[in-house]
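Report on the structure given below.
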Amino acid sequence: KYGQTFTEFNPNQQASQAIEKLQKLQIADGGFAAFPGQEKSDPWVSSYTGESLAKAGQVFPNLVDSAMVLRLKAYLQKVLANPGEYNFCKQLLCKRQLQLNALISLAELGDKRNTFLADIYEQRNNFDVTTQIKLARYLSQFPEWQDESQQLVNKLQQNIYETGRTAVVSLPRSWGWMSSSTATQAQALRLFIAKQSKPEVIDKLFQSLLALRRDGTWQTNYNNAQALTALVDYSQLQPTPPNFVATVELAGNKLGENRFEGYKNPSLQLILPMNLLPRGRNDLTLQKSGNGTLHYLVAYNYRLQGNQPGRFNGLRITREISQVNKEKVLQKTGLYAFDKPLTLASGQVFDIGLEIIADHPVDHLVIKDPLPSGFEAVDASFQTATAALQAKADSWELGFKNVYRDRIIAYAGHLEPGVYSLHYLVRSVTPGTFSWPGAEVHLQYAPEEFGRTAESILILEDRK
């Protein structure tokens, strides 16, 4: 679609090699083993193999052996009729999940059926969230099951945390490689596309899926496959290449214009310095003429005079300061700015504590605490650091803490709902009156979800 070529990657060759490996894993009963040498077919792996072969057959029809697919379909039909045949799957919940996977796989292979749906639907509340999403998407394909599908969608929406740019399926992590956060987010995106939901909700789910990447990928082959399958579905929402002109105006003055034709030069960035903004209230207008969808992001950054109050916008952070090895808190700063400055002596060491509160699971959390000019951070990790001066313990979930002379930056890959603390030491070095900016916590890929403490004034006195 984007006309990209990769010298070290030949899709046709890679598909041929993958299908050749799959052929060696197919057992006599038509199912697939999870690994070479396994004597019995794995129904979970076999169902997923059916979905994969169906996708491969759409792109590389000449590579997929029809006889292999027919044997697999016969095996999946047996799984659907008698899931309890497998020793490890005796509980009713396991049987119904196996049946759902078999139905989805058979449908992908061209054999869509509604058998056993009533039995499967009875277990809906016991399924994990990924399976519930799969069930809702499968039910949406049958007119007689539309109400039940919508009920599952409504239940899922209660667990979607939505911001101005993202919509994250926000649930505690559970064990299971086939129910990872990436798989859940990808399945949710495919569900809302199938349900023809509002475009802005679909776009937010799409952005949240992209935000789960680390170093450009979703870390595992399975997660990559789940995410890319959802992205392909998303790309089909715009079947024809874009061909339109977009114009940006502020207060009636044109800031920029760009023609988006095909998939070359897909973006335009405009940065307007604050001093060039017209005074007063002004409308920002984006206009489009032509065929295609215009996606845009507007970020507005500004600095106000005086000590600013804090903000709790999806995340909460407070800062407290106390003398090292002392419990008494000298000042605690949250939402409200203090009129009275904090006065301390120079040449002392203090413990700075940050408390971060999240009421929902979050990913890629960045904590930044700038220091006033009179303070200098103490890196206690050096072997030459004084053992008698130690900061209070941090929450183990907050890792990758970097101590700079004028600020502290910490990072957490994932936090469950809860209260977390981060501590570090500072030394008061320069007498004077200083502005102390607020500490900040935000999501790396969704900065509109953030928390910030109020600003304050610090006075350091040279006491002799």
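The values are calculated or read from the model by the stated rules, or taken from the named source; none is laboratory data. This one's a predicted model, so the numbers in the text were calculated from it and none came from an experiment. When we count neighbours, we look across all protein chains shown, and the Cβ atoms used for this are built from the backbone with ideal geometry, even at glycine. Protein only, heavy atoms only, side chains kept; ligands, DNA and RNA dropped before computing areas. Shrake-Rupley method; radii C 1.70, N 1.55, O 1.52, S 1.80 Å.
Among the residues of segment 128-181, which ones are crowded, with 18+ Cβ neighbours inside 10 Å, under 26 Å from His295 (Cα atoms) and touching a Ser or Thr at 6+ places or on another chain (Cβ under 7 Å)?
Ile160, Tyr161, Thr166, Ala167, Val168, Val169 - these are the residues of segment 128-181 that are crowded, with 18+ Cβ neighbours inside 10 Å, under 26 Å from His295 (Cα atoms) and touching a Ser or Thr at 6+ places or on another chain (Cβ under 7 Å).
Looking at Val69, Val64, which one is in a helix (DSSP H, G or I), among the aliphatic types (A, V, I, L, M), within 19 Å of Leu106 (Cβ to Cβ) and open to solvent by less than 70 Å² (accessible area, probe 1.4 Å)? Talk me through it step by step, then tell me what you get.
Values: Val64 fails: in a helix (DSSP H, G or I).
Every option except Val69 fails the conditions.
So, Ala118, is that one of a type in the set (A, V, I, L, M) and either on the phi > 0 side of the Ramachandran plot or loosely packed, with under 14 Cβ neighbours inside 10 Å (or both) or not?
Yes: the conditions hold for Ala118.
Collect the residues in segment 232-246 that are open to solvent by less than 70 Å² (accessible area, probe 1.4 Å), in contact with a Gly (Cβ under 8 Å, 6 or more places away or on another chain) and more than 17 Å from Leu286 (Cα to Cα), keeping them in residue-number order.
Gln238 - this is the single residue of segment 232-246 that is open to solvent by less than 70 Å² (accessible area, probe 1.4 Å), in contact with a Gly (Cβ under 8 Å, 6 or more places away or on another chain) and more than 17 Å from Leu286 (Cα to Cα).
Could you check how many residues of segment 348-376 are open to solvent by 30 Å² or more (accessible area, probe 1.4 Å) and either of a type in the set (D, E, K, R) or part of a loop (DSSP other than H, G, I, E, B) (or both)?
Within segment 348-376, residues that are open to solvent by 30 Å² or more (accessible area, probe 1.4 Å) and either of a type in the set (D, E, K, R) or part of a loop (DSSP other than H, G, I, E, B) (or both) number 7.
When the residues of segment 427-442 are narrowed to those that are assigned to a strand (DSSP E or B) and open to solvent by 20 Å² or more (accessible area, probe 1.4 Å), which ends up nearest to Val378 (Cα to Cα)?
My answer is Arg427.
Can you tell me which residues in segment 182-229 are part of a loop (DSSP other than H, G, I, E, B) and open to solvent by 30 Å² or more (accessible area, probe 1.4 Å)?
Those that are part of a loop (DSSP other than H, G, I, E, B) and open to solvent by 30 Å² or more (accessible area, probe 1.4 Å): Lys195, Gln196, Ser197, Lys198, Leu212, Arg213, Asp215, Gly216, Gln219, Thr220.
Could you check how many residues of segment 320-339 are modelled with pLDDT of 90 or more and in contact with a Ser or Thr (Cβ under 9 Å, 6 or more places away or on another chain)?
10
Restricting attention to segment 35-59, report how many residues are free of Cβ contacts under 8 Å to residues at least 24 places away in the same chain and within 25 Å of Lys112 (Cα to Cα).
The qualifying residues number 4.
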